[in-house]
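Trainee: A single structure is presented below for examination.
The values are calculated or read from the model by the stated rules, or taken from the named source; none is laboratory data. Note that this is a predicted model, so its numbers are computed, not measured. So basically every Cβ, Gly included, is an ideal-geometry build from the backbone, and we count neighbours across all protein chains shown. With ligands, DNA and RNA removed, areas are computed over all heavy atoms of the protein, side chains included. Shrake-Rupley method; radii C 1.70, N 1.55, O 1.52, S 1.80 Å.
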Amino acid sequence: MRGKVPVAASAALILALPACSADAADPERPLRGVLTTPTDIDLRWQDTRPGIAGHVLEFATEESGPYTVLRYLAPEVTSYRHPDLLPHTTFHYRLRSYRGPTVRPVRTDLADALRFTWTDVSPDEDGFLLEIRKRDSHRYDPVAVVPPDTETTDLVPLPGERDATYRVRAFVLGEQSNVVRLTTGE
């Protein structure tokens, strides 16, 4: 599995340098990436625009897509590791911001789940995010994505999540970042 690491590592470094050369504060190129092992990619970004509620990190194996969502992330999150990737594969990454108001849902405790209901008053949302703030946390993190025009969702909580605070965000996707292209090694 590690037979040709020097060639693969050199090629990966050459491909990673353009992605890493963008200034961290460059608003035109907020997303940066680096191949940290032959099959792990670390992504970082900076977005200080006001009103951003979070980001959606997406990837594809072709620049034109289709793109797959890796994660919906709170605005305080500025890095992500995409681990254990297929070797000798090119990955394309982009970041999209999202905005939108939040509401407190009505919560119903079920035997093995929590049910959340709310009123959809947003005419043009791209969907809803169920967000959680755990007991000892200061931020809300997305835990579920719900389709547009929906007013209920169930969540099977992990240990410690029954006593958390929840809210629902009607989100609208915003601008797309630059695309970072990296190729894994062996």
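Trainee: Taking 4 °C and 1.567 mPa s as the conditions, I'd like the Stokes-Einstein D for region 138-185 in µm²/s, using the Kirkwood hydrodynamic radius from alpha carbon pairs.
Mentor: Translational D for this selection: 88 µm²/s.
Trainee: When the convex hull of the Cα atoms of region 76-186 is projected onto a plane and the area is averaged over all directions, what value comes out in nm²?
Mentor: With every direction weighted equally, the projected area is 9.1 nm².
Trainee: Give the long-range amide H neighbours of GLY174: residues separated by 5 or more places, or on another chain, with amide H under 5 Å away, using H modelled in the peptide plane at 1.01 Å from N.
Mentor: Residues meeting the criterion, in which the H sits 1.01 Å from N, are SER97, TYR98, ARG99.
Trainee: Can you compute the modelled spin-label distance between ASP163 and VAL121, with each label point 7 Å from Cα toward Cβ, in nm?
Mentor: 3.2
Trainee: At 1.4 Å probe size, what's the solvent-accessible area of THR102? Round to the nearest 10 Å².
Mentor: The accessible area of THR102 comes to roughly 60 Å².
Trainee: Hey, got a sec? Which GluC sites (Glu not before Pro) in region 50-83 land in a DSSP loop and have at most 10 other Cβ atoms within 10 Å?
Mentor: Qualifying residues, ordered by number: GLU62, GLU76.
Trainee: Follow-up. Give me the number: length gained by fully extending GLU186 to ALA144, i.e. 0.36 nm times residue separation minus the C-alpha to C-alpha distance, one decimal in nm.
Mentor: My answer for the length gained is 11.7 nm.
Trainee: State the extension gain, in nm to one decimal, for the chain segment bounded by GLN176 and ALA113, taking 0.36 nm per residue of separation less the distance between their alpha-carbons.
Mentor: Length difference between fully extended and current span is 19.2 nm.
Trainee: Heavy-atom accessible area of ASP124 with all protein chains present, probe 1.4 Å, nearest 10 Å²?
Mentor: 100
Trainee: Can you pull the percent of the chain's accessible area that's carbon plus sulfur, 1.4 Å probe, other chains left in place? It would help to have the intermediate numbers written out before the result.
Mentor: Details: 5490 of 10340 Å².
Solvent-exposed carbon and sulfur of the chain make up 53 percent of the total.
Trainee: Which residue, ARG71, ARG139, ARG169, has the most motion in a Gaussian network model of the chain that connects Cα atoms within less than 10 Å?
Mentor: ARG139
Trainee: So if each residue of separation counts as 0.36 nm, and I subtract the Cα-Cα distance between HIS88 and SER64, what length gain in nm does that give?
Mentor: Full-extension gain reported as 6.8 nm.
Trainee: So if I take the alpha carbon set of the chain, get Rg, then get Rh from the Kirkwood formula, what is the Rg over Rh ratio?
Mentor: We get a ratio of 1.04 for the chain.
Trainee: On a 1.4 Å probe surface of the protein chains, which of HIS92, HIS138 comes out largest in accessible area, and what is the full order?
Mentor: HIS138, HIS92
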